[in-house]
Amino acid sequence: MHCRLRMKTTYGHFQEDGADFTITNPQTPRAFDNFLWNESVFSNVQQTGVGYCDYQVEGKEGVQLFTGVGRICDFDVFGRDHLMSRLIYVRDNATGEFWNINWEPVRRAYTSYACTHGPGHTTIRTEVEGIVAEFRIFVPSGHDPVELWSIRLQNTSGRERSLSLFAYNQFQFKYKWGFDSYGDMIFRGVWMNRPLNAVVASKHPFRKPHDHLIGFMTSDREIVAFDGSRDAFVGPYNSLADPRAVVAGHCTNTAGSSEATIGAAQFDISLATDGETAFSLIIGATDEEEKIGALRDRYLGKVEAWFQALLDEKKALKKRNRVRTPDQHFDRMVNTWVKQAALFGSTWCRWGWNGYRDIVQHGLGVVAIQPERTREILLTALQYQCQSGLALRGWNPVDEKAYSDSALWLVFTLVAYLKETGDMALLDESVPFYDRGTASVLGHIERALDFLESNKGAHDLCLIKFGDWNDSLTGVGKEGRGESVWLSQACAEALRQMAELMHHLDRTAREIEYEARRARLLQAINTQAWDGDWYTRCFDDNGKPLGSHRNEFARIFMETQSWALISGAASEERAERLIESCDDILGTPVGYLLLAPSYKQEDPSIGRISSLEPGICENGTVYSHLNIWMILGLLRYGMGDKAYEVFKKITPGYVDGDMALKQKCPPYMYANCYFGPEHRNNSFQMEFTWITGSVAWFNTVPAQEMLGVRPDYQGLVIDPCLPSAWENCEVERTFRGAIYHIEIFNPHQLQRGMVSLTLDGRAIEGNRLPLPKAGSHHHVTATLLPAESPEKAGIAQLVEAGI
Ligand code: GLC
């Protein structure tokens with residue numbers, strides 16, 4: 001069963017041999033975007049190259065360097081015309097005709113158009129009027145806030161051509177998403193630095209130290225003319241679709257001052273019949289104009305080498321923990337795109353849109369590919385936990401609302417990190433609390449759990465306070481008595497993981513204590529929160545349940561169904577029943593809804609969620625996070641087929657036909673959610689690609705729980721729970737410095753079975769490979785056998801005989 005993806009949409013296709021996606025029609029229904037980044041800068045690049053580039057150098061606040069439209073329609077209230085940036089115009093000087101290599105904003109008819117998004121790079125290739133043009137954008141690895149552009153032109157017209165090229169950027173210098181007022185503009189200037197061949201734009205040019213408010217555009221080809229004034233380049237009554245300078249064929253060499261700061265650079269190019277030319281540009285930020293010279297030296301003339309280094313890095317990333325299954329799309333998502341999204345999340349969660357729980361989950365997401373980042377995130381997050389055990393809602397900006405789940409996420413990330421790395425020394429590191437005092441890492445975690453233990457309500461469940469994972473349940477516990485069933489389930493799972501850690505550390509008293517706490521919580525959940533066909537979501541300050549048959553709206557929430565499975569709270573019978581309820585009430589063709597039916601009346605005892613439009617955000621969308629959690633829960637109950645079914649619904653790229661048209665999402669990237677069926681006009685349309693905490697789980701669950709290759713304190717556990725149709729799969733896993741090539745065989749078409757293991761040709765008892773020697777390479781076979789298998793008995797005999 002080789003699932004070769006049918007995903008040849010009207011907009012593009014995946015490359016045969018990899019994960020790169022090529023868009024052949026730039027008029028996608030919404031932005032099909034890519035993110036490119038390094039430690040200082042991140043760039044959003046849409047299918048026409050436009051987008052934004054934001055930077056935040058160490059220790060500084062984040063700044064938008066230049067910006068185009070963030071997304072089509074999501075936040076950009078001014079529409080697509082608003083502040084286009086990253087534009088390349090080509091003008092044929094013989095005829096005066098002009099177009100954009102990246103199609104918009106001129107939108108000239110093209111002979112061909114292909115925008116390829118790959119991990120870390122985007123290349124647009126177009127053919128217009130016998131000129132084949134390529135525009136490649138990438139961000140080099142490291143700490144320089146720069147984007148590198150390469151432009152290549154080829155004359156296929158059979159006649160000599162005289163062309164002018166105009167590269168155009170809108171420079172912004174906004175702190176975060178600050179407001180661009182007149183007051184903001186009067187501090188701006190743009191000029192040409194001839195010796196450096198750079199258009200330089202700055203806000204507060206005279207302020208020292210300068211704080212990286214200089215943007216620039218420089219090239220290895222001579223900039224023959226420039227414009228720094230938008231009015232001069234575009235003209236007061238023209239638009240970016242027919243800028244006056246491009247119409248006329250030359251920039252005006254007008255510096256910019258106290259106005260919309262742009263950088264336009266003109267290049268003149270003569271192409272012989274069949275001639276070709278190529279050159280590069282650096283777009284970047286700096287704190288001192290003179291430093292542009294050093295950046296030129298570092299990159300210009302070496303752009304291909306930098307690009308090759310990036311490709312090598314991405315190739316290594318793809319190879320690290322690579323899976324091979326009968327489903328090609330599963331592989332490309334797991335091996336490439338989900339890793340990209342998880343790395344982007346973990347690198348840029350500091351930017352400010354993410355809160356505590358999101359950041360800590362991003363740490364979890366990269367544990368198998370960049371554990372040092374996980375460590376760094378943990379040590380930072382711990383500093384924003386208070387003595388009481390409670391942590392902030394967010395620290396960038398500081399948000400002290402008492403969301404009672406914040407600190408709990410530390411457990412999942414810490415445990416995953418310890419199992420992956422064996423770095424037990426982390427537990428003893430001393431970290432200050434946000435308010436006062438200091439404790440070891442383990443001490444912090446104990447506080448987090450003690451806080452939840454000592455903050456329970458009338459049903460013996462954890463108090464929700466201002467809220468929990470569901471950010472919008474802000475009214476339920478505002479008087480301090482509301483309780484969260486979800487938080488209680490998550491806490492039970494955290495206690496299980498901590499009891500296991502205590503066992504490993506030989507701290508028996510703590511282990512027993514955590515197990516006892518877990519048992520009490522599970523009992524409270526099962527006696528107080530089972531609603532007959534599913535688990536309720538919470539109890540408000542007056543003890544009234546939410547997510548119950550008794551409610552008019554939001555009778556069932558997905559959070560408590562998925563976590564009833566993850567935490568093991570549900571008996572087999574209840575698990576079966578709640579899954580049926582989810583299928584019946586929350587099931588859609590693209591995954592499960594967060595809740596149903598959506599709220600349609602504001603209710604202060606519930607909070608913000610009840611005032612959201614139906615079918616958006618928490619109020620009844622198909623939330624990616626909940627679907628990957630459901631997948632995890634189903635896998636824990638041995639339901640590989642069902643988990644795979646959910647995976648194929650929620651993952652972009654599987655759904656075809658009308659539904660794909662409704663989804664309007666790039667088939668290579670998860671979105672935060674899809675609008676629900678109750679949305680007023682766009683049911684099932686995606687909302688926010690890339691920016692979703694769910695990618696942390698998409699980057700762990702398929703490989704670790706479905707293919708079942710899972711780090712443990714004592715070794716690598718092999719415990720697959722597969723779609724029964726998958727007869728064999730492979731995983732290449734780096735673990736504690738060793739590399740394992742693991743072949744999984746499923747000859748009996750099971751979902752889960754007894755695992756029969758061989759390590760380098762020798763049979764192994766149980767399903768755990770022992771801790772390896774760093775640097776070693778191993779070959780492993782894992783065969784799934786029915787529970788009472790004679791083959792397994794045979795293997796046991798071989799083990800006994802030491803074969
Ligand atoms: C948003 C928030 C996240 C929250 C989720 C559900 O994605 O960033 O913290 O858990 O919504 O409310």
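The values are calculated or read from the model by the stated rules, or taken from the named source; none is laboratory data. Everything numeric here is computed off the predicted structure, so don't read it as measured data. Virtual Cβ from ideal backbone geometry, glycine too; neighbours counted across all protein chains shown. Quick note on the areas: whole protein, heavy atoms, side chains included, nothing else; ligands and nucleic acids left out. Shrake-Rupley method; radii C 1.70, N 1.55, O 1.52, S 1.80 Å.
Before moving on, here are some points about what is shown:
- Rg and Dmax of segment 305-345, Cα atoms only, in Å: 11.1, 35
- What separates the Cα centres of segment 547-605 and segment 283-307 is a distance of 53 Å.
- Charging the Cβ of each Asp and Glu at -1 and of each Lys and Arg at +1, and nothing else, the dipole of the chain about its Cα centre rounds to 580 debye.
- Gained length - S571 relative to K319, 0.36 nm times residue gap less alpha-carbon distance: 86.8 nm
- In nm, spacing of pseudo-spin labels at N542 and N526 (7 Å Cα→C-beta vector): 3.2
- Within the same chain, aspartates and glutamates fewer than 8 places from K401 are excluded, and of the rest, those with a Cα less than 16 Å from its Cα are D358, D435, D468, D471, E479.
- Residue-by-residue Karplus 3J(HN,Hα) for segment 755-772, coefficients 6.51, -1.76, 1.60, Hz, glycine and proline x: 9, 9, 10, 10, 10, 6, x, 9, 5, 10, 7, x, 10, 10, 7, x, 4, x
- Protection-proxy order for peptides 713-723, 586-596, each taking the mean of Cβ atoms within 10 Å per residue, highest first: 586-596, 713-723
- Surface exposure of the chain, expressed per residue as accessible area with a 1.4 Å probe, stands at 36 Å².
- For segment 589-642, the mean projected area of the C-alpha convex hull, equal to one quarter of the hull surface, is 4.5 nm².
- With 28 Å as the limit, the listed pairs K478/K642; K339/K662; K339/K419; K319/K648 have K478/K642 beyond it between alpha carbons.
- Net charge contributed by nearby residues that have their C-beta within less than 14 Å of L310 (K/R +1, D/E -1): -2
- The amide H of T588, built 1.01 Å from its N in the peptide plane, has L593 as neighbours under 5 Å, considering only residues 5 or more places off or on other chains.
- Note on K208: lysines with a C-alpha under 28 Å away, same-chain residues under 8 apart excluded, are K60, K174, K176, K291.
- Taking packing as the residue-averaged number of other Cβ atoms within 10 angstrom, the listed peptides 457-465, 409-417, 547-555 run from highest to lowest as 409-417, 457-465, 547-555.
- Against the chain, whose longest principal axis is taken from its Cα atoms, helix 441-454 shows a tilt of about 60°.
- Applied to segment 630-640, the Karplus parametrisation 6.51 cos²θ - 1.76 cosθ + 1.60 on θ = phi - 60° returns per-residue 3J(HN,Hα) values of 5, 4, 4, x, 4, 5, 5, 9, x, 9, x Hz, with x for Gly and Pro.
- Modelled FRET efficiency - R0 41 Å, K291 with A725, Cβ distances, 0.05 increments: 0.10
- Summed residue charge, Cβ within 13 Å of K319's Cβ, Lys/Arg positive, Asp/Glu negative: +3
- Fraction of the pair-distance distribution of segment 142-243 above 22 Å, Cα-Cα pairs, percent: 44
- GluC sites (Glu not before Pro) within segment 227-294: DSSP coil, no more than 11 neighbouring Cβ in 10 Å: E290
- Normalised size of segment 571-698, defined as Cα radius of gyration per 2.2 N^0.38 Å with N residues, equals 1.05.
- Percentage of interatomic Cα-Cα distances in segment 353-470 larger than 18 Å: 47
- Estimated from helices alone, the mean residue ellipticity of the chain at 222 nm is -8000 deg cm²/dmol (sum of -39500 (n - 2.57) over DSSP H runs with n ≥ 4, per residue).
- Computed from Cα atoms, the angle from the helix 508-528 axis to the main principal axis of the chain rounds to 90 degrees.
- Percent carbon-and-sulfur accessible area, the chain, ignoring ligands, DNA and RNA, probe 1.4 Å: 50
- Added length on full extension, which subtracts the Cα-Cα distance from 0.36 nm per residue, E127 to E446: 108.6 nm
- At full extension, D533 and S430 could sit 32.5 nm farther apart than now, given 0.36 nm per residue minus the alpha carbon distance.
- D506-E160 FRET efficiency (beta carbon distance; Förster radius 56 Å; 0.05 resolution): 0.10
- For segment 149-154, Karplus couplings with θ = phi - 60° (6.51, -1.76, 1.60), whole Hz, Gly/Pro x: 10, 10, 10, 10, 10, 9
- In terms of its C-alpha gyration tensor, the chain has a prolate overall shape, because the principal axis ratio a/c (a ≥ b ≥ c, square roots of the eigenvalues) is not below 1.5 and a/b outweighs b/c.
- Here the Debye sum runs over all C-alpha atoms of segment 285-372 as equal scatterers in vacuum, and log10 of I(q)/I(0) at q = 0.12, 0.15, 0.22 Å⁻¹ comes out as -0.57, -0.79, -1.03.
- Peptides 692-699, 572-579 ordered by average Cβ neighbours within 10 Å, highest first: 692-699, 572-579
- Using alpha-carbon coordinates, inclination of helix 371-382 to the longest axis of the chain, degrees: 80
- Computed over segment 242-326, the P(r) tail beyond 21 angstrom holds 61 percent of alpha carbon pairs.
- Computed from the Cβ-Cβ distance with R0 of 41 Å, the FRET efficiency linking Q383 to Y713 stands at 0.95.
- Sorted from longest to shortest, the spans of the Cα atoms of segment 502-655 along the three principal axes equal 51, 43, 27 Å.
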